[in-house]
Amino acid sequence: MVVKNYFQMLLDEPNALTPDQVVAVLNEHGDHGVILVCEHASNWIPALYDGLGVDTLAQHSHIAWDPGALGVAEALSSALNAPLVFGCVSRLVYDCNRPPEAQDAIPAVSEVTPVPGNRDLTAEDRTERIDTVYMPFRRRLEKVVGNAPSNATLVTIHSFTPTYHGQKRSTEIGVLHGSDPRLAEAMMATAGQFTQRTVRLNDPYGPQDGVSHTLNLHGSANGLANVMIEIRNDLIDTRHKQNKMAKLLHPWLRAAIAGLSPEAAP
């Protein structure tokens, strides 16, 4: 797999951290009618951050990344012939779906897990993270969006943990929007045609949780219809399940996009 080979390169050069290692684009020359984004694709903490003081179990848990999301996004990229922009650094280092002014862009605590390497950061420390991780991601996505037609759509792929703060979540697929609700509402209107899963709007997260940064900055600000898809991660914890989820989402997305207007279909 292209993505698997990319992450092997990171492991082969653990002390390097260049823009090309912070963000990558799969299928860059594909059809830009849909642009896919996976901000939390990786749990990689570069060596220069010394593991941020979290143990191996935490580094492999949902606090460090969105398990399964990249596999779904990669399969969708192939099905839609769409470019996929994905982050290659753990969101514990910097969450690329948060603006620099957001405190949780560099969390000192994630759910109930302390992140010692993010505690008591100076302004210079935060600026280093922003310049090293966030800005290369933002610029790379801006470049891809800049190549898109005016009727393109932006789709971000995420996953969420089945239990959060001790509470089990019954939602299986969340359809989220920011300032532009059009595509999310179109997906909700057509959900029953494509899945019997429990699908909810703006659940388990919504705009009030600060999760619509990418949608608003790179989608709505450029006039692109956009949506965030959140998938409960026990539904995509194997490659087979990830491909199955992508097969579910592919026609659903196409139908929802086509329903926005005759010109909007990819």
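Values quoted throughout were computed directly from the atomic coordinates according to the rules given, and no laboratory measurement underlies them. As the structure is a prediction and not an experimental result, all values here were calculated from the model. Cβ placement follows ideal geometry from the backbone for every residue including glycine, while neighbour counts extend to all protein chains displayed.
Here is how the numbers come out for the structure above:
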quantity	calculated
Burial ordering of His213, His29, fewest other beta-carbon atoms within 10 Å first	His29, His213
Hz values of 3J(HN,Hα) by residue in segment 160-171 - Karplus curve (6.51, -1.76, 1.60), Gly and Pro given as x	9, 6, x, 10, 9, 6, x, 9, 6, 10, 8, 4
Residue-by-residue Karplus 3J(HN,Hα) for segment 69-80, coefficients 6.51, -1.76, 1.60, Hz, glycine and proline x	5, 5, x, 5, 5, 5, 5, 5, 4, 5, 5, 8
Under-27-angstrom lysine pairs by C-alpha in the chain, whenever the two are 8 or more apart or on separate chains	7
Gyration tensor (alpha-carbon) shape descriptor, segment 17-145, a/c threshold 1.5	prolate
Amide H partners (placed H, <5 Å) of Asn202, local residues excluded	Val175, Leu176, His177
Among Tyr164, Tyr205, Tyr134: highest mean-square fluctuation, GNM of the chain, C-alpha pairs under 10 Å	Tyr164
Residues Val25, Val112, Val133, sorted so that the one with the fewest Cβ neighbours within 10 Å comes first	Val112, Val25, Val133
The chain: most fluctuating residue of Val54, Val23, Val34 per GNM, C-alpha cutoff 10 Å	Val54
Interchain or long-range residues, amide H under 5 Å from Gly87's placed H	Cys38, Glu39, His40, Ala41
Order of Val85, Val109, Val199 under a 10 Å beta carbon neighbour criterion, fewest first	Val109, Val199, Val85
Candidates Leu70, Leu235, Leu176: whichever shows maximal mean-square fluctuation once the chain is modelled as a Gaussian network with Cα springs under 10 Å	Leu235
3J(HN,Hα) from dihedral phi, segment 93-109, Karplus parametrisation 6.51/-1.76/1.60, rounded to Hz, x for glycine, proline	6, 7, 8, 6, 9, 9, x, x, 7, 6, 5, 7, 5, 10, x, 7, 9
Amide H partners (placed H, <5 Å) of Val34, local residues excluded	Thr153
Among His250, Asn222, Ala64 - extreme Cα towards positive end, dipole of the chain, charges at beta-carbon	His250
Of Gly210, Thr195, Tyr164, farthest towards positive along the dipole that unit charges on Lys, Arg, Asp, Glu beta carbons give the chain	Thr195
Dipole in debye (nearest 20) - the chain, about Cα centre, beta carbon charges: Lys, Arg +1; Asp, Glu -1	840
Computed lengthening from Ala123 to Ser150, 0.36 nm per intervening residue step minus Cα-Cα distance	5.9 nm
Theoretical ellipticity at 222 nm over the chain - DSSP helices of four or more residues, -39500 (n - 2.57) apiece, nearest 500	-9500 deg cm²/dmol
Degrees separating the helix 135-146 axis from the principal Cα axis of the chain, which is the longest one	20
